1. Would you be able to say whether some residue in the stretch 181-197 is more than 15 Å from residue 55 (Cβ to Cβ), at pLDDT 95 or above and not in a strand (DSSP E or B)?
2. Going by what's in this entry, would residue 288 be described as surrounded by fewer than 16 Cβ atoms within 10 Å (Cβ to Cβ), at pLDDT below 90 and of a type outside the set (Lys, Arg)?
3. With the checklist (1) charged (D, E, K, R); (2) touching a residue at least 24 places away in the same chain (Cβ under 8 Å); (3) within 17 Å of residue 14 (Cα to Cα) in hand, flag the one item residue 144 doesn't pass.
4. In the set 76, 32, which member is buried (at least 17 other Cβ atoms within 10 Å of the Cβ), more than 19 Å from residue 190 (Cβ to Cβ) and in contact (Cβ under 8 Å) with a residue 40 or more places away in the chain?
5. In the list 181, 212, 205, which residue meets the criterion of being under 22 Å from residue 67 (Cβ atoms), open to solvent by 20 Å² or more (accessible area, probe 1.4 Å) and over 21 Å from the mean Cα position of the chain (by Cα)?
6. Mind checking which residues of the stretch 130-175 are open to solvent by 70 Å² or more (accessible area, probe 1.4 Å) and in a strand (DSSP E or B)?
7. If you go through the stretch 293-309 one residue at a time, how many are surrounded by fewer than 15 Cβ atoms within 10 Å (Cβ to Cβ) and either in contact with a helix residue (DSSP H, G or I) (Cβ under 8 Å, 6 or more places away or on another chain) or under 20 Å from residue 70 (Cβ atoms) (or both)?
Amino acid sequence: MPEGHSVHRIARQFARNFVGHRVSVSSPQGRFAAGAKTLDGTTMTRATAVGKQMFLEFDNGLWLRVHLGLYGAWDFAGEITTDATIRSAGGRMGQTNQRGTELPDEGTGLETDADYLDDHDGEDSIHSIGAPRKARLRMSESEREDDSDFDFPPPPVGAVRVRLLTDTACADLRGPTACEAVSAFEVQQVIDRLGPDPLNDDSAAAEDRVVARIRKSNQPIAQLLMDQSVVSGIGNVYRAELLFRARLDPYTPGKQVPEDAARALWRDWVHLLDVGVRTGQMMTMDGLTGEDYRKAMAKRDDRHWVYHRTGLPCRVCGTHIVMKELANRKLYWCPNCQQ
């Protein structure tokens, strides 16, 4: 399932390539035909994400709400940028390159080349920075660029729930859990049910809200971190990695998590989400340099502490990593480090 960093990157693709443009909206599959009709021919005015939810605003007062769920993905094609690490409408993040250094803001006329780092598992990170070019890009939990030639707009392939089309860019949505045209009031209702998202609010008040929700609950901390009403955007990978980095037993009831530990979890999520949006990868190992960093960016097995490492030795103590199911999701942890 796409986690918070992926959804923010997708929203930024829309901000870069669709906001300010008149959009033809259709439902090749037919399941969103009524909703598509209400949005067709309008201009997209905003693209934003809150946790795993994405919202696209149009100038007729309606929004498109999308939750990708387990299987959803967006396919982009046309004169697009394949770098999603851009300033979104109303956003506060600038561009960075793979070295972690700040790039010039848009509109300065300056350009900086990024390193080309291709993930061996097909989870491509940033490919290019600069002017849009003819390209195809799939964005879900991972990002994959298709270098094959194509005519624009490409024909819909498979069960495309909704197609958004401008003169220069096309976006096809497949397999979402939610896809609906909603009012601004309905958007706010959804957001009000969500916990804080650090990219939208990393204030002290947001931190206090998350800590309070954790420390009044008897549920295991591993379950609370996946509860989107507690904190937005954390999925299975980030959950496992955050708990290892904090050296917390995943079955610890929220009420028994010390306040300083709960605050540290939130602050670490602020940090990891920022890294994920900048690099396009769920990079959870800090301090890597040189070849170690390149290996981690190129292969998921080299960028995580415990996730998907069942039976392998802990990178810190050598104890075998274990996996059990909690609330129908796989949970990974080190039974020695996380006591």
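1. Filtering the stretch 181-197 down to residues more than 15 Å from residue 55 (Cβ to Cβ) leaves 195-196.
From what is left, the residues that are at pLDDT 95 or above are 195-196.
Now narrow it down to the ones that are not in a strand (DSSP E or B): 195-196.
Yes, some residue in the stretch 181-197 is more than 15 Å from residue 55 (Cβ to Cβ), at pLDDT 95 or above and not in a strand (DSSP E or B).
2. On the way: surrounded by fewer than 16 Cβ atoms within 10 Å (Cβ to Cβ): yes; at pLDDT below 90: yes; of a type outside the set (Lys, Arg): yes.
Considered against the rule, which asks whether it is surrounded by fewer than 16 Cβ atoms within 10 Å (Cβ to Cβ), at pLDDT below 90 and of a type outside the set (Lys, Arg), residue 288 comes out as yes.
3. It fails just one condition, (2).
4. Numbers: 32 fails: more than 19 Å from residue 190 (Cβ to Cβ).
Result of the check over 76, 32: 76.
5. On the way: 212 fails: under 22 Å from residue 67 (Cβ atoms); 205 fails: under 22 Å from residue 67 (Cβ atoms).
Of the residues listed, the single one that is under 22 Å from residue 67 (Cβ atoms), open to solvent by 20 Å² or more (accessible area, probe 1.4 Å) and over 21 Å from the mean Cα position of the chain (by Cα) is 181.
6. Initial filter on the stretch 130-175 (open to solvent by 70 Å² or more (accessible area, probe 1.4 Å)): 131, 133-134, 138, 144, 147, 149, 151-152, 155, 157, 167.
Listed by number, the residues that qualify are 133, 134, 138, 144.
7. Of the residues in the stretch 293-309, the ones surrounded by fewer than 15 Cβ atoms within 10 Å (Cβ to Cβ) are 295, 299, 301.
From the residues that got through so far, the ones that are either in contact with a helix residue (DSSP H, G or I) (Cβ under 8 Å, 6 or more places away or on another chain) or under 20 Å from residue 70 (Cβ atoms) (or both) too are 295.
So the answer is 1.
For every residue, the table says whether it meets (1) out of contact with any Lys or Arg (no Cβ under 7 Å at 6 or more places or on another chain); (2) among the aromatic types (Phe, Trp, Tyr); (3) closer than 25 Å to residue 49 by Cβ.
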{"residue": "278", "(1), (2), (3)": "yes, no, yes"}
{"residue": "293", "(1), (2), (3)": "yes, yes, no"}
{"residue": "298", "(1), (2), (3)": "yes, no, no"}
{"residue": "301", "(1), (2), (3)": "yes, no, no"}
{"residue": "305", "(1), (2), (3)": "no, yes, no"}
{"residue": "312", "(1), (2), (3)": "yes, no, no"}
{"residue": "320", "(1), (2), (3)": "yes, no, no"}
{"residue": "324", "(1), (2), (3)": "yes, no, no"}
{"residue": "329", "(1), (2), (3)": "yes, no, yes"}
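The values are calculated or read from the model by the stated rules, or taken from the named source; none is laboratory data. Just so you know, these numbers come straight off a predicted model, no measurement behind them. No Cβ is skipped: glycine too gets one built from the backbone with ideal geometry, and neighbour counts run over all protein chains shown. Only protein heavy atoms, including side chains, enter the accessible area calculation; ligands, DNA and RNA are left aside. Shrake-Rupley method; radii C 1.70, N 1.55, O 1.52, S 1.80 Å.
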